[in-house]
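These notes concern the structure reproduced below.
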Amino acid sequence: MNILFVCTGNTCRSPMAEWFFKDLCIKRKTLYKINIQSAGIGAIDGMPASENTLSILKKHGIDASSHRSQKLTSSHIKWADIVIAMTQSHLDDIKKISYSFDRKPEMKLLSEYSLNRISISDPFGGEASLYEECFSEMKKYLYAFYDIIEKEL
């Protein structure tokens, strides 16, 4: 199963989701069944995750220092079985890019996996506490997402 997390710059939200989800899969011994990537609608290729993102993840025992941003391409979407967006705007952009694809991946907001339809606010440029709030919110949705896909693994 190929999972793609998408945000704007691929330095805050989608790396948090990618690296936390990888860690969750390692802990539950299912990473060998799942490939996980992240990308950004407006990303500049090759940028590291933001310092606050790295700090939050490190605080939770996750080393994401090797992360490098990727600009979202049609190849990313074609690769994915599931594309998870942080906001409705991201989801709309993903759907536009994949409009003519023969095979479309499942495409949803992260929050939809726990029966919500809210966007995950971008902490970019904010204080560390804003990143922590973002991460805490995302974690509950990532656990719900995992519980859903675990049945398909």
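Below are the figures for this structure:
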quantity	calculated
Residues of region 9-48 that turn out to be more than 21 Å from Lys104 (Cα to Cα) and either among the β-branched types (Val, Ile, Thr) or modelled with pLDDT under 95 (or both), as a count	4
Number of the exception - Glu18 against (1) within 28 Å of Lys95 (Cα to Cα); (2) touching a helix residue (DSSP H, G or I) at 6+ places or on another chain (Cβ under 6 Å)	(2)
Unique residue being touching a residue at least 24 places away in the same chain (Cβ under 8 Å), within 19 Å of Tyr143 (Cβ to Cβ), in contact with a Pro (Cβ under 8 Å, 6 or more places away or on another chain) and surrounded by 24 or more Cβ atoms within 10 Å (Cβ to Cβ) when the list is Leu110, Leu4	Leu4
Odd one out for Ile118, checked against (1) among the β-branched types (Val, Ile, Thr); (2) touching a residue at least 24 places away in the same chain (Cβ under 8 Å); (3) part of a loop (DSSP other than H, G, I, E, B)	(2)
Region 54-81 residues that are farther than 22 Å from Lys33 by Cβ and modelled with pLDDT of 95 or more, paired with ones that are of a type in the set (A, V, I, L, M) and in a strand (DSSP E or B) (beta carbon under 9 Å, 6 or more apart)	Ser69/Ala39; Gln70/Ala39; Lys71/Ala39; Leu72/Leu4; Leu72/Val6; Leu72/Ala39; Thr73/Ala39
Leading residue by the ranking (nearest to Arg117 (Cα to Cα)) among those in region 81-106 that are among the small types (Gly, Ala, Ser) and part of a loop (DSSP other than H, G, I, E, B)	Ser98
Conditions (1) exposed (fewer than 15 other Cβ atoms within 10 Å of the Cβ); (2) within 19 Å of Asn10 (Cβ to Cβ); number of the one not met by Glu150	(2)
Candidates Ala39, Ala43, Ala17 - the one that is out of contact with any Asp or Glu (no Cβ under 8 Å at 6 or more places or on another chain), closer than 18 Å to Gly126 by Cβ and aliphatic (A, V, I, L, M)	Ala17
Test: residue in region 46-59 that is farther than 21 Å from Gly125 by Cβ and either among the charged types (D, E, K, R) or surrounded by 20 or more Cβ atoms within 10 Å (Cβ to Cβ) (or both)	no
Odd one out for Tyr143 among (1) over 16 Å from Ser14 (Cβ atoms); (2) out of contact with any Leu (no Cβ under 9 Å at 6 or more places or on another chain); (3) hydroxyl-bearing (Ser, Thr, Tyr)	(2)
Lone qualifier among Tyr131, Tyr141, Tyr113, Tyr146 - being under 14 Å from Thr53 (Cβ atoms), touching a helix residue (DSSP H, G or I) at 6+ places or on another chain (Cβ under 7 Å) and hydroxyl-bearing (Ser, Thr, Tyr)	Tyr131
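The values are calculated or read from the model by the stated rules, or taken from the named source; none is laboratory data. In this text, all values refer to a predicted model and were calculated from it rather than measured experimentally. Note that each Cβ is placed from the backbone with ideal geometry, even for glycine, and that neighbours are counted across all protein chains shown.
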